[in-house]
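Have a look at the structure below, then the notes.
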Number of protein chains: 4
Amino acid sequence: MDFTYDAVTEGYRERLLAFMDEHVYPAEARLGERTGDWGPPPVLDELRRHARARGLWNLFLPGEHGAGLTNLQYAPLAEIMGRSPSLAPAALNCAAPDTGNMELLAGFGTPWQRERWLEPLLDGRIRSAFCMTEPDVASSDATNVATRIERDGDTYVVNGRKWFATGGMSPHCELLVVMGKSDPDGPRHRQQSMVLVPRGTPGVTVRRGLRSFGYDDGDHGGHAEIEFRDVRVPAGHLLGGEGDGFAIAQARLGPGRIHHCMRLIGMAERALELMCRRVTDRVAFGRPIAEQGVVQDWIAGSRVRIEQARLLVLKTAWLMDTVGNQGAHTEIQAIKIAVPSAVEWIVDKAIQAHGAAGVSQDTPLAGLWSRARTIRIADGPDEVHRRSLARRELRRYR
Amino acid sequence: MDFTYDAVTEGYRERLLAFMDEHVYPAEARLGERTGDWGPPPVLDELRRHARARGLWNLFLPGEHGAGLTNLQYAPLAEIMGRSPSLAPAALNCAAPDTGNMELLAGFGTPWQRERWLEPLLDGRIRSAFCMTEPDVASSDATNVATRIERDGDTYVVNGRKWFATGGMSPHCELLVVMGKSDPDGPRHRQQSMVLVPRGTPGVTVRRGLRSFGYDDGDHGGHAEIEFRDVRVPAGHLLGGEGDGFAIAQARLGPGRIHHCMRLIGMAERALELMCRRVTDRVAFGRPIAEQGVVQDWIAGSRVRIEQARLLVLKTAWLMDTVGNQGAHTEIQAIKIAVPSAVEWIVDKAIQAHGAAGVSQDTPLAGLWSRARTIRIADGPDEVHRRSLARRELRRYR
Amino acid sequence: MDFTYDAVTEGYRERLLAFMDEHVYPAEARLGERTGDWGPPPVLDELRRHARARGLWNLFLPGEHGAGLTNLQYAPLAEIMGRSPSLAPAALNCAAPDTGNMELLAGFGTPWQRERWLEPLLDGRIRSAFCMTEPDVASSDATNVATRIERDGDTYVVNGRKWFATGGMSPHCELLVVMGKSDPDGPRHRQQSMVLVPRGTPGVTVRRGLRSFGYDDGDHGGHAEIEFRDVRVPAGHLLGGEGDGFAIAQARLGPGRIHHCMRLIGMAERALELMCRRVTDRVAFGRPIAEQGVVQDWIAGSRVRIEQARLLVLKTAWLMDTVGNQGAHTEIQAIKIAVPSAVEWIVDKAIQAHGAAGVSQDTPLAGLWSRARTIRIADGPDEVHRRSLARRELRRYR
Amino acid sequence: MDFTYDAVTEGYRERLLAFMDEHVYPAEARLGERTGDWGPPPVLDELRRHARARGLWNLFLPGEHGAGLTNLQYAPLAEIMGRSPSLAPAALNCAAPDTGNMELLAGFGTPWQRERWLEPLLDGRIRSAFCMTEPDVASSDATNVATRIERDGDTYVVNGRKWFATGGMSPHCELLVVMGKSDPDGPRHRQQSMVLVPRGTPGVTVRRGLRSFGYDDGDHGGHAEIEFRDVRVPAGHLLGGEGDGFAIAQARLGPGRIHHCMRLIGMAERALELMCRRVTDRVAFGRPIAEQGVVQDWIAGSRVRIEQARLLVLKTAWLMDTVGNQGAHTEIQAIKIAVPSAVEWIVDKAIQAHGAAGVSQDTPLAGLWSRARTIRIADGPDEVHRRSLARRELRRYR
């Protein structure tokens, strides 16, 4: 057992930390300058050029198409990016949902699909969205998916309504990865398929952007509600085989969840740093707030939660590398249960320590909180993961 | 001891519940139609006409100027208004911060001040803002107030910067009640004074609207940052006497806090109702979510928290009526500590039960949450109240 | 609505508070002097004589047989007794489980049964136990009861094993009220009957005393495990009719739960007082512990929890008096959910504030904690009450 | 980074797990057979012989005197022992407080001291106690220590009163390691010294055994209150130099805390296993309790807490091995804060899942709970560690 990062990781960490200090944090002040209603701030383009020039690009992607890092090597880097979540992941082309979509294309795409979409995504020329959740059903139960994907000659016809398709409002979004039912009477986990739908396909209508608390999350492409009415795509747009939809979604969710958790830990570190600085500066009732026992309790509680969360994420990454995503299933659930709520707790305390500034746009805290809170729902609500993890635990004693 | 509402209260409750059903809830769908950037939705005018016609107007104000209800009579009515907090309080002319400002004018205003501002406020023709919190200091400690109010001949000169002046962005806001230091070297609680500043006075600059978790809260007039640079008002604009600022602020905060808590309980009831309806309708893994034990735990926990919170608020109202705001000091602190966090817990569970819809604009829940969370900071953060309440408790045993 | 105690209550409170100060608290030092292994401390007899002489006797019992108080009148008295739970309730002949057993005899007993057992119980000459919980099944589900009560000619034959029969180890215990199944194939809530079994009846074997945490709870008669093997009692020992067992148990549990909650609030007040005194006296790192912010947080949190718990209990008592136990069903569940866990929280903080002394026999705190913790299980675990309360809430919206 | 145990650890784990299955768990039924009032159960001698024969002896002690394991190697072994905390640690001669006392003698003892006490301790012939906490002062602040150790010619004279000297009631206890003030006017952390006092020395009076939640903890030697009145020991009984007391105590507390935490994790695993088995076996309302969502929530929450706690302890052990106890100071505080409360939570849920059996002597759960709860106070209450950790964190940003 050994708790040191390897040399590759340390090298990347050093370069990434320098990049954050030199480029990302200074750019945060310009986050508000948006291109149109939903476009990213212009400063992002600049950051992307710098990042790429420094070899900080596509770090998330294992194998030949990306930087080739293991999950354990990538984890501490994703954490650092999480410290500035509206800029850093996108700047390094490591932002959800593109990361997950690129993984799917790299893993399940045909050569043509990879050339058509994976290459421009890896190159940062286009963005993409993942269309899974539906407004009308409890999407945590995959058998509830109501969107239909039906074969009709050489084409697939898609009908349904999706929402919270993150990135779908971005003017650069060109690809929609859509989950639907191709065989409603098939076995429970073979009913679903996944197709690649260009956003401009006739019948695709982006209805509106959903908000998360008061945020439109325009800086990461918003959350779109999208209607699919008799949308036809060539049969070659099927990702994997018919009936593979559930398995592909599962393959996507494992890394997706760990990336979320890694970044969340970075957000928690940021919040803790802001809290410590704030309470040192502010004076109430004759002494710095930092000397209040309750505030010290928050700080200690934050540090302990962060350390525990990070270790659990790192061990999960290590397991994914050594025994595979399937073997790490329980741990992936464990981090999905543990990390967002821990980070939510920490950010809440940092907000409280800032008073009114904490809920306002003058600190990143309220926005960080909204992200952490939303992830308690996204990719399956905590409750579903807890139930599943408990059942696995119970089986050990039968 | 008796836990029934009196006949006056029951009569108002009946009329108010009918008004909510017939007018307010149906109008919620039109909340999004705003007048300009910060104006209220046009439907509000309609609601105000209806409310007034039904005698549901200025219920908050005891004495001759208002409906003449006691705190105990008003409490259950404020709770009902809280069920639709963006519309109902304003519809009945019972919305903060106007309520508090009207109380101050009724209690401390000169006949001229009352004619000039109280009458149009009572009549619903103008709105107002309360300028206390400052961005640069910990405002929970009143001695930190940095804004200056200096006598210069027949005028007072105001210099300083305030923020989170709720209502200050509204196009109808005409009056700013401003707290500042008139005697920085005086005794701790005699350094402050309060002046009435028309928003159009030269030197007053509304800098921007602050957000709360992404929301601009435009429906209740936003939260303004306002700069006062050499702002001159006639000496007759002083509220009360010089040095009375702290005492007046205290007088305002007691009822203000209980009104907040009353409305919060209504918000919690609304969230619980939405949660119960949602989990009954949605099916996951073969049965309604309502049958999940964890969801039942949330519902039971919500009901128990609401009952306890309401009783504590009602007893506090009764104490304020019988022994005065000063005698109810501890209880006012207790509700400020207990109610917002309980309501936050409940709304959080309702959000979780709604999945993605819960954080979106499709339910009022995320907005309710933001209100509850913000009140853990507004009017003094929980921590200040807890410390003060503890010290009082400790004194009992010395 | 009115939150003052009536004159009768105030009169009793005054006398009871004086009795506590003059007799009960001073006697606590002699709690350790036990009569034999399980007998009460000799000082109890002395206290009982004093209490009776002052008219502080059988206060719990409404109607002609007792003091005739309402639940709302009795509640604040039970709270005061709870401040010294090992002595005061027994001193006033208001200790569980005798209280519940006397209620049953008064409500359902035949004249003969009342003469035979109610009179000596009211007179304090004998003690009793209630035999409901069984070691081998989940007793929260009444249909699980495995003990059999079978009619055989003029007698009933009891077979089964009960445990946690509180009071059953006391040398003064003469009556066992036993719940069992008389008609296992009857309708769900008509399968059970209740019989009165003299402890000396052949076939009754008291196996051992159960502990709660490390305590044998000898001061209130221990918790007995009792075996019933072919125990025969005359048919006239049946309480109520055959099949009435479940209904009688329910009748007993309502008042039983509220009495527990009333006393628990007194325990919380005691713990809070001890905490306040301790932290005022002790100095660490140069100042009294009372000045630590975290400790102040505990104190404020305790006071707020106590106020809310008390109000909910008082309202429940009022409801029981005005609409009956059945009409107060939800509220009785609510207090059972809310009060023990709140009190547990408070006592835990008081323990922590005392350091090692808090877990030891030198303060009553660890013992109080054990009581509060155990009541989260006794009379139905919290989880069963929460589920039931949630279902009732859900029905409101269907 | 690597999360596998090394070969040495794996070898020991395998042997220890076999020993637990073959000897320890079966012996638990005989725990109640005590030798006299405070002696260990006779079965312990048997277990010690078996353990020693298998080379499972003194595993805790690094260096030549013990098994020579690193902290990281010992951690998972201590965890396994913690599964049966009343038997396993003592069976392997790895029980507190002897472990800490042996570490001190190995690290600071003179050759004579080591021969006189370390050898019989390592051999398991005698037991020992550590006398630090005092009843009259807040012992978390070392400057509060009131016991005096005064030089008088060739002897030291000890006067004072200690309590919660764990192990001090054991008939086999022969050595008391006593902390006291030798130079009350010296620098804050040089005022204290430590002396080795044979329990039979004139002037030493063991007053009584303290309880922890009703338990006398006789199986691990009780918690003694000991009076020292003019107790004289030769100067050669001083451990280290005069004024070294604080430093020695600190040296002892680091490993002591991590050992506690390791064992606590084993207790949590035991509680979780018992909970899983129980809920699978018991049926309520027509289905196994294991299918209740709330129970599944407990199980998932337990598993996640255990994983996080274990990783934090292992990393701390690794840090102690690589950068020393001083370098691991923050992490040692972090585990002291995090682990006992997490384990307390888990055991509480296991108790609740067991109903009345959970609080009784029929399961080990109530006893495990008492241990976890007590460790939130022992070796410095959580609050002191949290404050210290927070201050360190705050210094990073100044």
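The numbers here are math on the coordinates, done by the rules we state, and not lab data. Not measured: the values here are computed from a predicted model. Neighbour counts are summed over all protein chains in view; Cβ atoms, including those assigned to glycine, are modelled from backbone coordinates with ideal geometry.
Looking at the protein assembly as shown alone, DSSP beta bridges between its own residues are antiparallel in about 85 percent of cases. Relative to the other identical copies, residue B:227 shows label-point distances of 4.7, 7.5, 8.9 nm, where the label point lies 7 Å from Cα along the Cβ direction and values run shortest first.
Charges only on Cβ, +1 for Lys and Arg, -1 for Asp and Glu: so what's the dipole of the stretch A:213-324 about the Cα centre, in debye to the nearest 20? Around 500 debye, computed over the stretch A:213-324.
Chain D's nearest residue to the axis relating it to C, judged by Cβ and reported with the distance in whole Å, is D:214, 1.
Overall, the protein assembly as shown carries a charge dipole of about 0 debye about its Cα centre when +1 sits on the Cβ of Lys and Arg and -1 on the Cβ of Asp and Glu, all other atoms neutral.
Taking only the C-alpha atoms of chain A, Rg followed by Dmax gives 21.2, 78 Å. Phi angles of the stretch D:347-353 translate, via the Karplus equation with coefficients 6.51, -1.76, 1.60 and θ = phi - 60°, into HN-Hα couplings of 5, 4, 5, 5, 4, 4, 5 Hz per residue; Gly and Pro are given as x. Its Cα centre serving as origin, the stretch D:7-109 has a Cβ charge dipole (Lys and Arg +1, Asp and Glu -1) of approximately 120 debye.
Beyond 20 Å, what share of the Cα-Cα pairs of the stretch D:91-149 remains, rounded to the nearest whole percent? That tail contains 39 percent of the Cα-Cα pairs. Beyond 23 Å, the tail of the calculated P(r) for the stretch A:127-239 holds 25 percent of the Cα pairs.
Spin-label pair residue C:119-residue D:155: with each label point 7 Å from Cα along the Cα-Cβ axis, the two points sit 7.2 nm from one another. With the dipole of the stretch C:153-210 worked out from charges on the C-beta (+1 for Lys and Arg, -1 for Asp and Glu) around the Cα centre, which of C:155, C:210, C:177 lies farthest toward the positive end? Final value for the positive-end residue is C:210.
When the square roots of the Cα gyration tensor eigenvalues are ordered a ≥ b ≥ c, the ratio a/c for the stretch A:7-109 is 1.5 or more and a/b does not exceed b/c, which makes its shape oblate.
When each of B:354, C:172 is scored by the number of other beta-carbon atoms lying within 10 Å, the sequence from fewest to most is C:172, B:354. Proximity of backbone amide H atoms, modeled 1.01 Å from N, is registered between residue A:232 and A:158 at under 5 Å, excluding neighbours fewer than 5 places apart on the same chain.
Taking 7 Å steps out from each Cα toward its Cβ at residue B:283 and residue D:362 produces label points 4.2 nm apart. Normalised by the number of residues in chain D, the average gap of Cα pairs under 8 Å and 6 or more apart makes the relative contact order 15 percent. In degrees between 0 and 90, to the nearest 10, how far off the longest principal axis of chain A does helix A:382-395 point, with axes built from Cα atoms? The answer is roughly 80 degrees. The mean number of partner chain beta-carbon atoms within 10 angstrom of a residue's beta-carbon across peptide B:211-221 is 5. Each residue of the stretch B:320-333 was assigned a 3J(HN,Hα) from its phi angle through the Karplus curve 6.51 cos²θ - 1.76 cosθ + 1.60 (θ = phi - 60°); the sequence is 4, 6, 9, 10, x, 4, 5, x, 9, 3, 4, 5, 4, 5 Hz, with glycine and proline shown as x. Once the Cα atoms are used to define both axes, helix C:71-82 deviates from the longest principal axis of chain C by about 60 degrees. Annotation: amide H of residue B:208 within the under-5 Å range of B:225, sequence separation 5 or more or interchain, hydrogens built in the peptide plane. Between residue C:345 and residue C:110, full extension at 0.36 nm per residue minus the direct alpha carbon distance yields a gain of 80.3 nm. Counting only alpha carbon atoms, the long axis of helix C:7-19 and the longest principal axis of chain C meet at about 70°. Each residue of the stretch C:133-149 was assigned a 3J(HN,Hα) from its phi angle through the Karplus expression (A = 6.51, B = -1.76, C = 1.60, θ = phi - 60°), giving 5, 10, x, 9, 9, 6, 6, 5, 9, 4, 6, 7, 3, 9, 4, 9, 10 Hz with x at Gly and Pro. Based on C-alpha pairs under 8 angstrom that are at least 6 apart in sequence, the stretch A:6-97 has a relative contact order of 33 percent. Stokes-Einstein D for the protein assembly as shown at 4 °C, 1.567 mPa s, Kirkwood Rh over Cα pairs, in µm²/s? Using the Kirkwood radius from Cα pairs, D works out to 36 µm²/s. Our summary gives the stretch B:246-395 a relative contact order of 29 percent, counting only alpha carbon pairs under 8 angstrom and 6 or more residues apart.
Label reach from residue A:201 (point 7 Å along Cα→C-beta): in the stretch A:252-281, no amide nitrogen lies under 15 Å. Among C:40, C:120, C:255, determine the one that fluctuates most according to a GNM of chain C built with springs between C-alpha atoms less than 10 Å apart. The residue with the greatest mean-square fluctuation here is C:120. Pick from D:311, D:196, D:61: which residue has the top mean-square fluctuation in a GNM of chain D where Cα pairs under 10 Å get a spring? Among D:311, D:196, D:61, the largest GNM mean-square fluctuation belongs to D:311. Once the label point is set 7 Å along the Cα-to-beta-carbon vector, what list of distances in nm do you get between residue C:8 and its counterparts in the other copies? Those label-point separations list as 3.0, 7.7, 8.2 nm. Its DSSP H runs of at least 4 residues, each contributing -39,500 (n - 2.57), put the calculated 222 nm mean residue ellipticity of chain A at -15000 deg cm²/dmol, to the nearest 500.
Placing a label point 7 Å from the Cα of residue B:146 along the Cα-to-Cβ direction, the residues of the stretch A:237-280 whose backbone N falls under 17 Å of that point are A:278-280. Spatially close Lys pairs in chain C, defined by Cα atoms under 24 Å apart and a spacing of eight or more places or different chains, total 4. Taking a label point 7 Å from Cα toward Cβ, how far is residue B:148 from its twins in the other copies, in nm, shortest first? List, nearest first: 6.1, 7.5, 9.5 nm.
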